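The values are calculated or read from the model by the stated rules, or taken from the named source; none is laboratory data. Computed from a prediction, not measured in an experiment: that's the story for all the values here. No Cβ is skipped: glycine too gets one built from the backbone with ideal geometry, and neighbour counts run over all protein chains shown. Surface accessibility is based on the protein's heavy atoms, side chains included, excluding ligands, DNA and RNA. Shrake-Rupley method; radii C 1.70, N 1.55, O 1.52, S 1.80 Å.
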Amino acid sequence: MASQVATPMSLPTTTTTSSSTSLSSPALSPSSPAQLSPDDVELLAKLEEQNRLLETDSKSLRSMNGSRRNSGSSLVSSSSASSNLSHLEEDSWILWGRIVNEWEEVRKKKEKQLKDLVRKGVPHHFRAIVWQLLCNAQNMPIKDQYSELLKMTSPCEKLIRRDIARTYPEHEFFKEKDSLGQEVLFNVMKAYSLVDREVGYCQGSAFIVGLLLMQMPEEEAFCVFVKLMQDYRLRELFKPSMAELGLCMYQFECMIQEQLPELHMHFQAQSFHTSMYASSWFLTIFLTSFPLPVATRIFDIFMCEGLEIVFRVGLAILQMNQTELIQLDMEGMLQHFQKVIPHQLDSGPDKVIQAAYQVKYNGKKMKKLEKEYTTIKTKEMEEQVEIKRLRTENRLLKQRIDTLEKKGAPRYSEESVLQLERELVQARLKEAESQCALKEMQDKILDMEKRNTSLPDDTNVARLQEELIGVKLREAEALTGLKELRQQVRDLEEHWQRHLARTAGRWKDSPRKNTLSELQDELMSVRLREAEAQAELRETRQRMLEMETQNQIHSNHLRRAEQESRCLQECVQTLTVQNKDLHGQLQEIKRRQAEIECKSKEEVMAVRLREADNIAAMAELQQQISELEIQKEEGKVQGQLNHTDSSQYIRDLKDQIAELKHEICCLKGQRGLASQPTFDGIHIVNHYVGDDGSYQSSDEDGVKNPTLKSTQQSRGRIRLQPNLRDTDSDDDDEDDEALRLSVPQSKSTTV
């Protein structure tokens, strides 16, 4: 299709006798009729007829050229009183043919007029070549690789095959299964998935490729699609992360909040997010939301101006439907976007395009919103990293706690606590290092932003170019004046040589000739003075031009200095805001650090409490072991009582008890105890009250009385039954009343 369209575009120029204006006229090569389609033949016939009419009617040609010159802001006249619709269409065909032939010149010198023409719509048969010219997709090296890519195997082939049937299911070119349209669509999508493996295949891109295939062959469509992905931000939109789509949603929502605040509040109240209705607008450039003719007209403008038209048309649609949307709930709004809005555009795209260019769109503000979105996403990523780090530390601490609970010995608990403390210190050191690295990266970002602001922007470059053009023009004028002066000097030299040749034989001539020679000398001197005056005048003009140039340069310097001053003020304000944000972040980090320290202290205390519980449990176990040993000793004593002379042993014990009673009475008397304890049987407690009111063991008395000392050294308590009878009987009744010993682990000794 591209080759078929390109043939009528390469048109020779025809010069009329009335003016030097050249218009494109069709010319067929000998091989053209065999290659052209009927539509192209009809187009050529129209162009030939129009060219013939223009050649025969020079008056109409001059009036048409005059109307174009008088317009001043468009390449084609808006209307003519004597032309009807067919003449305007034919004029549009001729005009686009001339634009294609003179593309480079038109793109450089008449960019604004070209944008106006694209906004009015590109003719269908010119659309393929114009789209390729708009995105610079002609003569791409990757076009030669297309056939090789089709021979390779792509990992996305199954996904592409699955979605092809859902791409333009009602269009004649794509609706039949395994048709030519579906096959070429599969080829282009497969080739791109092999070229850009990071993106691969993404749903929505097939609609853009399908529209391209409606206009041109698959090789040209592939090249145009590669250019769109690389230069029109579509590659960032179709990446797996879709970060660019999130940025577009954020920018579009901010535009709604600023220009349609009531609708934005209604969306917020209904939890109706921007991505629920606008994501397909950006991913498919309205191809899945609007009728195909309307979406194609918008795609014309997108090829010329980029994603800006999507923001404009989207906001214009919301402005046109604001009243209806405010009265609907979430489901009603979804139905309205899917069914009502597409039918509003059945009449044509002119109304919505006109409304789109009434929308306020500020490129600088969009860049500012992009920076804000990047900052927000960076903070979210940092918070996610911090949360993951804390979760990891929490999991490790839980594992350590479980390990400590499983271990019983205190020494393992102490080692684990020390290990936890070391890990906590290392974690804090890593956190400090990460904070330092983050601060360094933020400083680098600020430096890069400062450097970017110091670089000249587009407006400064344009002004510098204007200054350079002005200087070159003045230099050209000065060179022209210098050439004229040199030519005058040469002429004067020739006159002077002639004059010298004439005056050489003046003394031989007659007086009349001498008079003539004097007049010629005077004329020569006048001419010399005239040349000197002209040289002075030229020099003065040159100085004046230099002064004007210096004045303009100084004024430009002053203007740039003012702009830099304003930029510096904005930077100071931005830095102030960033300083406040960083201060707030520092406070938040300190708060988090304090929380982490409190948590670590609580965890250490919990570990220590569990350690104390373990120690107490061990003490109880040791006490039980001691009791078991005492019971063992009791058994031995009982055996001795049963098999020896028990009466003598009991009498010795009674003597010892009497001595202990006496000693206790003495101690109580020395301590000034008022009352004597009552004894139920034999129950003697050997202790005294210290100065601080606590009960302490008497080590001195233990030394004086060897029997008591031996009893105290056992660090236990001895209980004796009072009803011991002097008998040598080995009966079971006596065994019940035998001597019983109990030695628990305590600091007091009780008999």
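If you count only protein heavy atoms and use a 1.4 Å probe, how large is the accessible surface of Ile445, to the nearest 10 Å²?
90
Among Gly121, Trp131, Val184, which residue has its Cα positioned farthest towards the positive end of the charge dipole of the stretch 108-189, with +1 placed on the Cβ of Lys and Arg, -1 on the Cβ of Asp and Glu, and the dipole taken about the Cα centre?
Going by the Cα projections, it comes out as Gly121.
So if I restrict to the alpha-carbon atoms in the stretch 135-179, what is the Rg, and what is Dmax, the biggest pairwise distance, in Å?
For the stretch 135-179, the Cα-based Rg and Dmax read 14.2, 35 Å.
Three principal axis extents, largest first, for the C-alpha atoms of the stretch 112-165, in Å?
45, 29, 19
Counting only protein heavy atoms, what percent of the accessible surface of the stretch 160-203 is carbon or sulfur at a 1.4 Å probe?
48
Report the charge-dipole magnitude of the stretch 549-625 in Debye, nearest 20, computed about the Cα centre from +1 at each Lys and Arg Cβ and -1 at each Asp and Glu Cβ.
Here the size comes out at about 440 debye.
Taking a probe of 1.4 Å, how large is the accessible area per residue of the stretch 556-640, in Å²?
Per residue, the stretch 556-640 has an accessible area of 77 Å².
Of the accessible area of the stretch 517-582, with the probe set at 1.4 angstrom, what percent is carbon plus sulfur?
55
Give a residue-ordered list of calculated ³J(HN,Hα) values for the stretch 336-348 (Karplus: 6.51 cos²θ - 1.76 cosθ + 1.60, θ = phi - 60°; whole Hz; x for Gly, Pro).
Once rounded to whole Hz, the list reads 5, 5, 7, 10, 7, 4, x, 6, 5, 9, 5, 6, x.
Per residue, how much accessible surface does the stretch 212-356 expose to a 1.4 Å probe? Answer in Å², no decimals.
Per-residue value: 39 Å².
Round to a whole number: what % of the accessible area of the stretch 322-425 belongs to carbon and sulfur, probe 1.4 Å?
That fraction is 53 percent.
Nothing charged except the Cβ atoms of Lys and Arg (+1) and of Asp and Glu (-1): what's the magnitude of the dipole of the stretch 218-306 about its Cα centre? Round to the nearest 20 debye.
160
Hey, got a sec? Which chymotrypsin sites (Phe, Trp or Tyr not before Pro) in the stretch 326-370 land in a DSSP loop and have at most 15 other Cβ atoms within 10 Å?
Loop-located and lightly packed - Tyr357, Tyr361.
What list of ³J(HN,Hα) couplings, whole Hz, do you get for the stretch 225-232 from phi and the Karplus terms 6.51, -1.76, 1.60, once you set θ to phi - 60° and write x for glycine and proline?
5, 4, 5, 4, 5, 7, 10, 10
Rank by packing, highest mean first: peptides 551-559, 100-108, with packing defined as the count of other Cβ atoms within 10 Å averaged across residues.
My ranking of the peptides, most packed first, is 100-108, 551-559.
When ranked by the protection proxy of mean other Cβ atoms within 10 Å per residue, highest first, what sequence do the peptides 211-220, 650-659 form?
211-220, 650-659
Please state the shape class of the stretch 230-367: rounded when a/c is under 1.5, otherwise prolate if a/b exceeds b/c and oblate if not, all from the C-alpha gyration tensor.
Judged from the Cα gyration tensor, the stretch 230-367 comes out rounded (a/c under 1.5).
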